[in-house]
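Enquirer: The structure is given below, and queries will be raised subsequently.
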Amino acid sequence: MHHFFVKPEQIAEGMVRITGPDVNHAKNVLRMKPGEELLVSDGTGQDYLCRVAELDSEAVLAEILKKEEDSRELPSRIILYQGLPKSDKMELIIQKAVELGVSRIVPVATKNAVVKLDKKKEESKLKRWQSIAESAAKQSKRSVIPEISGVLTLKEAVKDASVCGTGFFAYEHQEGMAGTAKELAGVGAGQSIAVFIGPEGGFEPEEVQMAEEAGIRPVSLGKRILRTETAGLTLLSVLMMKLELEAAEKISNPGAKAGERQEL
Ligand code: SAM
């Protein structure tokens, strides 16, 4: 089923009005016809099952059949602070992180990030990255399109993350998976979680100190050195599984206390 994002004001009286470049896409690329069902998300987390009523050169009009009750979003907000990687690795990271459920991605210019973006380059990269996030959100049937923020220095990123109740940074010199399991055991629904990943060259000791002083906790991802793109996706996968499992168990066993549920 094809998936479209609209603004809440494009929904009124049981109808959705899809406009802009999506019209050409629906008509000429997807060759949608009246009667075809589609999924529409209003970008605030609400999804609608709809049916095409009319298509013309200006708009696709769709009738709302059902307001979806179940959100496809994770029960916590995860913000990925990604040390700027080389070449086009950021595109892969954005695509996969969106599939795994992140709410926002912040590229971070750390000391060892070799890529330096001037204002003009940053603007065009951000446009491209945001469109990759939108495609990945559609493909994975997300209810919201995660925002790709402007590049921050690590100091700015740490400050930005201070609104998150929980923060982790993946650190290859941190020993022991037992510590990682202990840190992740505290993660649950309703939180905002900041995840920091270093660039190819890793974090410098003073950057580690800055993060730790701000209450961002170091976690190991095992004994092997992972590439920057693998590290983020590993940590996000574990968080996604833990949050999904907890949400599923809450539905199947609503009376159980957190401790009685199976821990990942
Ligand atoms: N420069 C480092 C080195 O050669 O020792 C490696 C940096 S690694 C390629 C890039 C980033 O991935 C790190 O900054 C860290 O955030 C994350 N990372 C890679 N392997 C990890 C591991 N085993 N545990 C935790 N984080 C890891």
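Enquirer: Where the second residue is surrounded by fewer than 17 Cβ atoms within 10 Å (Cβ to Cβ) and the first is at positive phi and lies in segment 15-38, which pairs have Cβ atoms under 7 Å and are six or more apart or on separate chains?
Expert: Close Cβ pairs satisfying both conditions: 35/51.
Enquirer: Which strands (runs of 3 or more DSSP E) does segment 24-125 wholly contain that include 2 or more residues that are over 25 Å from residue 243 (Cβ atoms) and open to solvent by 70 Å² or more (accessible area, probe 1.4 Å)? Outline the logic, then answer.
Expert: Values: elements: 37-41, 47-55, 60-67, 77-83, 104-109.
Counting at least 2 such residues, we get 47-55, 60-67.
Enquirer: So, residue 157, is that one over 17 Å from residue 83 (Cα atoms) and crowded, with 20+ Cβ neighbours inside 10 Å or not? Write out each step before concluding.
Expert: Working: over 17 Å from residue 83 (Cα atoms): no; crowded, with 20+ Cβ neighbours inside 10 Å: yes.
No: the conditions fail for residue 157.
Enquirer: Please report, ordered by residue number, the strands (runs of 3 or more DSSP E) entirely within segment 141-237 with at least 3 residues that are more than 9 Å from the ligand (Cβ to nearest atom) and farther than 30 Å from residue 120 by Cβ.
Expert: Numbers: elements: 166-170, 192-197, 217-219.
Per the criteria, 166-170.
Enquirer: With the condition kept exactly as written, say whether any residue in segment 175-198 is closer than 20 Å to residue 107 by Cα and open to solvent by 60 Å² or more (accessible area, probe 1.4 Å). Spell out how you get there, then give the answer.
Expert: Going residue by residue through segment 175-198, those that are closer than 20 Å to residue 107 by Cα are 192-198.
Next, from what is left, pick out any that are open to solvent by 60 Å² or more (accessible area, probe 1.4 Å): none.
No; the residues of segment 175-198 include none that is closer than 20 Å to residue 107 by Cα and open to solvent by 60 Å² or more (accessible area, probe 1.4 Å).
Enquirer: Contact list please: Cβ distance under 9 Å, first residue in segment 219-231 and farther than 11 Å from residue 174 by Cβ and in contact (Cβ under 8 Å) with a residue 12 or more places away in the chain, second residue more than 6 Å from the ligand (Cβ to nearest atom) and part of a loop (DSSP other than H, G, I, E, B), pairs at least six apart or on different chains.
Expert: As it stands, the answer is 227/85; 228/85; 228/86; 228/199; 229/85, since those pairs meet every condition given.
The values are calculated or read from the model by the stated rules, or taken from the named source; none is laboratory data. Please read all numbers here as calculations on a predicted model, not as lab measurements. Quick reminder, even Gly has a Cβ in these numbers, built from the backbone with ideal geometry, and neighbours come from all protein chains shown. Just so you know, the surface numbers come from the protein's heavy atoms only, side chains and all, with ligands and any DNA or RNA stripped out. Shrake-Rupley method; radii C 1.70, N 1.55, O 1.52, S 1.80 Å.
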